[in-house]
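The structure appears below as structure tokens.
The values are calculated or read from the model by the stated rules, or taken from the named source; none is laboratory data. Because the structure is predicted, anything quoted here is derived from the model rather than measured. Here Cβ is always computed from backbone atoms with ideal geometry, including for glycine, and neighbour counts include all displayed protein chains. SASA here: full protein model, heavy atoms, side chains in, ligands and nucleic acids out. Shrake-Rupley method; radii C 1.70, N 1.55, O 1.52, S 1.80 Å.
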Amino acid sequence: MTSPEREPHPTEDPTGPPVEQPVGKEPTAGQPRRSGLRNPERAVRGLGAGTLNLEALVLLLAIQPIRVVGGDLGGAAIGAVVALAVAAVVLAGMMRRQWAWNAGTVLQGLLLLGGLLHWSLLGLGIIFALVWAYALHVRRVILG
């Protein structure tokens, strides 16, 4: 058995170049806070679009279980659920426009009002209103 003559992973010189900016350092006054994302606007749009697409999918998949368990989901309520799902998909595709965020908030309110048609729509409305509120919070934190 022979011993190695040098270390397999040499250590770096401690007098090397300094680290550019330590992690967690707060920006100084007058400088915008950086999110660390390459394109923060695109990331936030993706979050909003993903939230609305998920909402549309859940709404469409919830129709049959609501009919089976709840029993009294009529044609008007099913039409309202489908219309809300279509509106969510359309808004997800339009997240580049500033007004789409406000329209998404209105959509959450309409889903909450859907609770008048069936109690389970109120439950879904509460859940997705909370998810949308979180998406708006992330948007405000990242974009300022």
Report, in debye and to the nearest 20, how large the dipole of the stretch 30-144 comes out about its Cα centre when Lys and Arg carry +1 and Asp and Glu carry -1 on their Cβ.
700
How many times 2.2 N^0.38 Å is the alpha carbon radius of gyration of the stretch 101-144?
1.26
Percent of Cα-Cα pairs per 10 Å bin, from 0 to the last occupied bin, for the stretch 48-116, please list those.
21, 52, 22, 5
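So, for the stretch 33-144, what is the accessible surface per residue at a probe of 1.4 Å, expressed in square angstrom?
Numbers: 6650 Å² over 112 residues.
Computed with neighbouring chains in place, this is 59 Å² per residue.
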